[in-house]
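A.B. asks: Could you have a look at this structure, given as structure tokens, before my questions?
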Amino acid sequence: MTERLYLQDSMLFSCEAVVTACTPCDDGFWIELDRSVFFPNKGGQPCDTGKIGDAVISSCDEDEKRLLHRSDRALPVGAKVFVTIDSERRFDIMQQHTGEHLLSWCAWKLFGATNVGFHCALDYATLDLDKPLTHEQVLEMERLANREAAKNGAVTAKEYATEEEIRDLPLRKHAEGLTAPIRIVTIEGSDACTCCAPHVHRTGEIGQLKIVGELPYKGGMRLTFLCGNRALSHAQRMQDAVETIARRFSTARENAVAAVEKQADELSDAKKELKQAYASLDAYFAAELCTRAETVRGVSVLVETVEHVDAKRLRALAQKTQSARSLTALFSKSGDTVSYILSANGISADMGEVAKAVNLALGGKGGGRGTLAQGSAPYRSDLSETVAQLKRYCCQIV
Ligand SMILES: [Zn+2]
């Protein structure tokens, strides 16, 4: 059994201890101590990392009453060692965790929503609620949490021996089947609930609480939030992003959104105009292509290469070249890719079969059946020779 010093003082980042066991494991050793400041992987949040003597501790897990510190080297049993954890990492996780208490209390107090899940990663944290809230409600919850944090109330923990003793406490949620000792964490003036993790001493230490994501989840919702430096870093990233956009549009930060919306509208209009222009252009383009078709046994065979025509336009172009009995194979080179379309009308040849021959010749992929097939291939310098071979093949099968 390891004495868990983080339960007594969450701001204790080092201690002296004695090594009580050292067991080899997959990629190092499990070290056990008589006492430790390490918090293990538990309750949806990551463990502490740090050092025991010179040994680097990359992880800490719980095995019933034991704490197992994953070490990069063996330590002699009985050795007196100095134990220290990464205090910045611990404090950051405590900010998120205590912030979760406050946010959960606000959701419960304001809207009767219950926290049903918590996950803390090293760069974000999520909180799951059992019912959906509107965006305005989430903002209200965030405002209240920040007001409560600013009151700088004390965060304290007290252990109780039985469930009977906590029955009448004003807890946010009463869990069943708890094992003694039952630890109740209370935030002065607001939250009280069972919890076994370390917390900051006062709510002011949480810093700013910012909810940055809202998603529907299992009939309720999942909120992504950031506390303390994480919220500050997020604000800086958002400011940098807006400034980059504003500079790109040669406007002030306040006008960046309007500038982006204006350009999006202009782009949408330009795409519509381009589509209409292509439709007109392609009528002439198709007529010109048809002059290059060869008539074989009464079938118009058109096999040509065009440039910078995307797959959608290529298909429309192929349709415009059709006649009563025709086979059209168009290849379009754009960058490093060649798109192709195979279109038939009034003949028995299956374009799916022709597509197999095209894929084989070009090293491409794609397919179809009956009168239509399409696909793409990486561009090769011998494209024109290959298309000439495919043209001979098409003339044979009609
Ligand atoms: Zn807690």
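A.B. asks: Around ALA192, with a cut-off of 11 angstrom between Cβ atoms, what is the net charge of the other residues, counting Lys and Arg +1 and Asp and Glu -1?
C.D. replies: On the way: positive: LYS158, ARG172, LYS173; negative: GLU188, ASP191.
Result for the neighbourhood of ALA192: +1.
A.B. asks: Further question: Taking the alpha-carbon set of the stretch 231-276, what are its Rg and Dmax in Å?
C.D. replies: 14.1, 48
A.B. asks: Tell me the relative contact order for the stretch 166-285 as a rounded percent, counting alpha carbon contacts under 8 Å between residues six or more apart. Could you put the intermediate results ahead of the total?
C.D. replies: Working: 77 pairs, mean separation 13.9, N = 120.
The value is 12 percent.
A.B. asks: What cysteines in the chain have no other cysteine with a beta carbon less than 4.7 Å from their beta carbon?
C.D. replies: CYS15, CYS22, CYS25, CYS106, CYS120, CYS193, CYS195, CYS196, CYS227, CYS290, CYS394, CYS395 - these cysteines have no disulfide-compatible partner (Cβ-Cβ under 4.7 Å) in the chain.
A.B. asks: Which net charge results for the neighbourhood of VAL242, defined as the other residues with beta-carbon distances under 13 angstrom from its beta-carbon, given Lys and Arg at +1 and Asp and Glu at -1? Can you show the working numbers first?
C.D. replies: Details: positive: ARG237, ARG247, ARG248, ARG253; negative: ASP240, GLU243, GLU254.
Summing Lys and Arg as +1 and Asp and Glu as -1 gives +1.
A.B. asks: Right, something else. Semi-axes of the equivalent ellipsoid of the stretch 3-85: what are they in whole Å, largest first, if each equals the square root of 5 times a C-alpha gyration tensor eigenvalue?
C.D. replies: Details: eigenvalues 61, 43, 25 Å².
Each semi-axis is √(5λ); the values are 18, 15, 11 Å.
A.B. asks: Angle, helix 256-290 long axis vs. longest principal axis of the chain, Cα atoms, 0 to 90°, nearest 10?
C.D. replies: On a 0 to 90 degree scale, this one is about 20.
A.B. asks: Between 0 and 90 degrees, rounded to the nearest ten: what's the tilt of helix 135-150 against the longest Cα principal axis of the chain?
C.D. replies: So the helix axis and the longest Cα principal axis differ by about 30 degrees.
A.B. asks: Hey, fewest Cβ within 10 Å first, where do THR337, THR291, THR23 land in order?
C.D. replies: Values: THR337 13, THR291 7, THR23 10.
Sorted ascending by nearby Cβ count, the order is THR291, THR23, THR337.
A.B. asks: Please work out the FRET efficiency for the pair ASP63 and LEU110, using the Cβ-Cβ distance as r and a Förster radius of 45 Å; give the result to the nearest 0.05. Please list the in-between numbers first.
C.D. replies: Numbers: r = 40 Å, r/R0 = 0.88.
The pair ASP63/LEU110 has a calculated efficiency of 0.70.
A.B. asks: From the square roots a ≥ b ≥ c of the eigenvalues of the alpha-carbon gyration tensor of the stretch 47-86, which class results: rounded (a/c under 1.5), prolate (a/b over b/c), or oblate?
C.D. replies: Values: a/c = 1.74, a/b = 1.19, b/c = 1.46.
Oblate is the answer for the stretch 47-86, as a/c is 1.5 or above yet b/c matches or exceeds a/b.
A.B. asks: Something else: When Lys and Arg each count +1 and Asp and Glu each count -1, what net charge do the other residues less than 13 Å away from ARG222, Cβ to Cβ, add up to?
C.D. replies: Working: positive: LYS131, LYS218; negative: GLU100, ASP128, ASP130, GLU214.
Around ARG222, the charge tally is -2.
A.B. asks: Once both labels are modelled 7 Å past Cα along the beta-carbon direction, what's the LEU360-THR23 spacing in nm?
C.D. replies: Placing both labels 7 Å along Cα→Cβ, they lie 6.3 nm apart.
A.B. asks: Please give the helix 383-397 orientation as an angle from the longest Cα principal axis of the chain, in degrees from 0 to 90, rounded to the nearest 10.
C.D. replies: In the chain, helix 383-397 runs at an angle near 60 degrees to the longest axis.
A.B. asks: Shifting gears a bit: Could you order peptides 148-157, 232-241 by the average number of other Cβ atoms within 10 Å of their residues, highest first? Write out the running numbers ahead of the final one.
C.D. replies: Numbers: 148-157: 16.9, 232-241: 12.0.
Descending packing order for the listed peptides: 148-157, 232-241.
A.B. asks: Further, regarding this structure: What three numbers, in Å, describe the spread of the alpha carbons of the chain along their principal axes, ordered from the longest?
C.D. replies: Computed over the chain, the largest-to-smallest principal extents equal 96, 53, 43 Å.
Coordinate-derived values only; no laboratory data. Everything quoted here is computed from the prediction, not taken from an experiment. Because the Cβ atoms are built from the backbone with ideal geometry, glycine has one as well, and the counts that use them run over all protein chains shown.
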